[in-house]
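Written out below as structure tokens is the structure these notes cover.
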Amino acid sequence: MGDEYGQYGHDPNAANNGQSDSNNIDKRIEDIKRVVTKGASEATQRLKRVADKAGDYWQQAQTAPTPRRADDVEEQRIRQLANLWSNENWRVARELGTYMDLISWGSDEVWEISLETRWETRSMEIVSEPYTGRTTATPKPLLPVWDYELPPVVGLKAPMTRTRLEGLDEIVSCSACNGTGHALCSNCTGRGWVVCPDCKGRTKKRCATCRGRGYVADWSTTKEKKPFFRKQAENVVGSVGGKVADVFDGIRQQGVPIPNPMDTDPASKGPTIPCPDCVKGEVDCTCGNGKRVCEVCQGARTIPCVTCGRTGKIVRHREIVRRFDLRTQTRIIGETPIPVQQLVKANGDLIYNAEINETLYPEAPPEGVPMDVWRATVDMAQSE
Ligand SMILES: [Zn+2]
Ligand SMILES: [Zn+2]
Ligand SMILES: [Zn+2]
Ligand SMILES: [Zn+2]
């Protein structure tokens, strides 16, 4: 590319060549124009022909269609269905069902059998609870889980239930507290006290007035008297700065080595005096001995055992847990060209529906159900 530019810019014969080049380019542009124009006019011609044809068809179609009237309910239904479909899918001839001719039609019936079965699963669980001193019922033998007569369940989608079995209580010792009824306090690990969180057990705290330096700025040596407003403003600034400095100190005390930008040593500004509030930057902590009484056990070292409710005993009993699952089977009976996936989504008339616990009789179909459909239903229910 760079070479081409070079040729035009520096070649001594450039003027000469340039002349013939521009002639060439003009000619080529002419050629392209001609081809494009020709092509375009051909395309227009073709479009025109197509439009004419379409116009002809349209003219023919304009022979005003007459709406048809349905003679019976079945025909009415077919026309309605066709209208429903053409309204959704076509822009022209939206009311196909109203204007079309019906040549022939037929009707089929398809049956859908739906069988829902509720399955029950039982398990026995051992549950422990604190002993309350309640006398237990007379002991009974432990039976297999399905031998217990339990209340009947209603509804196909039943929730899980737990039934406590009477006469199977066992009173045993609490292992969590070793039968003592109380456990060591976990907050103080049984000591009854914790290390004072304020002084970390040192009995002394850093002085807040001098920030642990032991000295403060000596304001009395400042000669100049400050006007009232300026002084007030300085107090505000001072207290805000102090708060920020406290935050930084808090972080530094947790072991993060960051410099405190708000805390400037008063010694760098002028004369200082010993802090009036402390001894060498430290004050006594209110704990006195570096310990604080545990707030959880109040110094008792133990707390009541939650497992046995301080009785030292627990009651072990058994519960039957019943879980219910619903399983659904569907079967289509009858010949139809409509795919099953479509049929399953479609609506129909409900002929028979029942929730039963006893056996079905294959020879006694409910009213409105054909024999073969009923037999298939009974087969399905019996093979479950
Ligand atoms: Zn303390
Ligand atoms: Zn101090
Ligand atoms: Zn405690
Ligand atoms: Zn216990």
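Rule-based calculations on the coordinates, nothing more; no lab input. Everything numeric here is computed off the predicted structure, so don't read it as measured data. Using ideal geometry, Cβ is built from the backbone for each residue, glycine included, and neighbour counts are taken over all protein chains shown.
Things worth noting here:
- For the stretch 118-123, the Karplus equation 6.51 cos²θ - 1.76 cosθ + 1.60, evaluated at θ = phi - 60°, returns couplings of 9, 9, 10, 10, 10, 9 Hz by residue, with Gly and Pro reported as x.
- Within straight-line cross-link reach of residue 157, aspartates and glutamates at Cα separation under 20 Å, skipping those fewer than 8 residues along the same chain: 116, 120, 325, 355, 358, 384
- Amide H contacts of residue 302: 185, each under 5 Å away and 5 or more positions distant or on a separate chain (H built 1.01 Å from N in the peptide plane; Pro and chain starts excluded).
- Once backbone amide H atoms are built at 1.01 Å from N, residue 314 has 131, 172, 173, 174 as its partners under 5 Å, excluding neighbours fewer than 5 places away on the same chain.
- Estimated distance in nm for a label pair at residue 265 and residue 316, the labels positioned 7 Å out from Cα along Cα-to-Cβ: 7.1 nm
- Amide H within-cut-off set for residue 193, under 5 Å, with H built and near neighbours excluded: 294
- Each other residue within a Cβ distance under 13 Å of residue 186 adds +1 if Lys or Arg and -1 if Asp or Glu, for a net charge of +1.
- Over 21 Å (Cα to Cα) - which of 205/291; 33/53; 204/291; 205/280; 205/269 fall in this group: 33/53; 205/269
- Inter-centroid distance (Cα atoms) of the stretch 156-224 relative to the stretch 292-307, Å: 10 Å
- Here the Karplus relation 6.51 cos²θ - 1.76 cosθ + 1.60, evaluated at θ = phi - 60°, turns the backbone of the stretch 181-194 into coupling constants of x, 9, 10, 5, 5, 7, 5, 10, 6, x, 8, x, 9, 10 Hz, with x for every Gly and Pro.
- The stretch between residue 26 and residue 178, if pulled fully straight at 0.36 nm per residue, gains 43.9 nm over its current Cα-Cα span.
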